[in-house]
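S.K.: Got a structure for you, questions after.
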Amino acid sequence: MFYSSYASPASKHVVDRNLDLARAAGASSLLHVFPLPPGAQEQPLPDKDFVLACPLAGWASKQWPMESYTQLARRLERELGLTLVVNGPASSADVLAGIEGAVPHISGLPGLIHATRRAKAVVGVDSGPLHLAAALNKRGVAIFGPTDPERNGPYRSSLEVLRSPHAATSYKRRGEVDQSMREVSVDEVFTALERHLR
């Protein structure tokens, strides 16, 4: 009743949908850049190359199993000589400490930006840190399950998306890891990471 015009975005990805709305409102010469501050070191990081993972997400159903990170950490060290650094806020310290073979990195946003810039590659799930890595054009792997990567995936990035062929799109905020996330194997993630690292 109060609107004089309507816009129906045709794009699938949420970033493009918002750009469609901006165009409908009269914007032109839209830029696809994501300026970010340099970040700041909040915690020590390894002196050598490392892979950064942020295992937590807003809903547990979007998370890859924590035991998979332990297996990945061991394999990265054994086969590539790389450390897996797992990042999260102070409230996640106990969870991160439970990922054997990984180096916990507790930080806020400035520390996350700094660590992401320093990482040789990243492993992420559908969460803010993954989209930050995409904005920084980092190489690595994005693990998706219940959320649709065509709609919510890393935007125009060098991250390779892995998703079980059995995944069913759902935006229900469930409290347990989705089965489709469990179906993405450590072997698949390691192989994809290795491709990006070499």
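The values are calculated or read from the model by the stated rules, or taken from the named source; none is laboratory data. The shown structure was predicted, so the numbers you read here are calculated from the model rather than taken from an experiment. Backbone-built Cβ (ideal geometry, glycine too); neighbour counts: all protein chains shown. Accessible surface areas use protein heavy atoms only, side chains included; no ligands, DNA or RNA. Shrake-Rupley method; radii C 1.70, N 1.55, O 1.52, S 1.80 Å.
S.K.: What shape does the chain take by its C-alpha gyration tensor, where a ≥ b ≥ c are the square roots of the eigenvalues and a/c under 1.5 counts as rounded, a/b above b/c as prolate, and the rest as oblate?
M.R.: prolate
S.K.: What's the magnitude of the charge dipole for region 78-140 around its Cα centre, counting Lys and Arg as +1 and Asp and Glu as -1 at the beta-carbon? Answer in Debye, nearest 20.
M.R.: Taking the Cα centre of region 78-140 as origin, the dipole is about 360 debye.
S.K.: Between region 39-115 and region 122-198, what's the alpha-carbon centroid distance in Å?
M.R.: 15 Å
S.K.: Let's see if you can work this out: charge +1 on each Lys and Arg Cβ, -1 on each Asp and Glu Cβ, no other charges. What is the dipole magnitude of region 104-198 about its Cα centre, in debye to the nearest 20? Intermediate results must be reported in sequence, preceding the final value.
M.R.: On the way: 14 positive and 10 negative charges, 86 e Å.
My answer is approximately 420 debye.
S.K.: Using a 1.4 Å probe over the heavy atoms of the protein chains, calculate the carbon and sulfur portion of the accessible area of the chain as a whole percent. Don't jump to the answer; show the numbers that get you there.
M.R.: On the way: 5340 of 10300 Å².
Of the solvent-accessible surface of the chain, carbon and sulfur hold 52 percent.
S.K.: Sticking with this structure for a sec: Percentage of Cα-Cα pair distances in region 115-198 greater than 21 Å, rounded to whole percent?
M.R.: 26 percent
S.K.: Right, another one. Could you state the angle between the C-alpha long axis of helix 186-197 and the longest principal axis of the C-alpha atoms of the chain, as a value from 0 to 90 degrees rounded to the nearest 10?
M.R.: That works out to roughly 80 degrees.
S.K.: Taking amide H positions as placed in the peptide plane 1.01 Å from N, state which residues far from residue 125 in sequence (5 or more) or on other chains have amide H under 5 Å from it.
M.R.: 54, 130, 143
S.K.: Taking only protein heavy atoms into account and a 1.4 Å probe, give the accessible area per residue of region 46-149 in Å².
M.R.: Value returned for region 46-149: 35 Å² of accessible area per residue.
S.K.: How far is helix 14-24 tilted off the main Cα axis of the chain, in degrees rounded to 10, range 0 to 90?
M.R.: 20 degrees
S.K.: Ranked by accessible surface with a 1.4 Å probe, highest first, in what order do 106, 99 come?
M.R.: 106, 99
S.K.: Now, a different point. Highest first, please rank the peptides 129-137, 175-183 by the mean number of other Cβ atoms sitting within 10 Å of their residues.
M.R.: 129-137, 175-183
S.K.: Using the alpha-carbon atoms, what tilt in degrees (0 to 90, nearest 10) does helix 66-75 show relative to the longest principal axis of the chain?
M.R.: 60 degrees
S.K.: Given H placed 1.01 Å from N in the peptide plane, which residues other than close sequence neighbours of residue 83 have an amide H under 5 Å from its amide H?
M.R.: 51
S.K.: Shifting gears a bit: Work out the charge dipole of the chain with +1 on the Cβ of Lys and Arg and -1 on the Cβ of Asp and Glu about the Cα centre, then indicate which of 39, 179, 146 is farthest towards its positive end.
M.R.: 39
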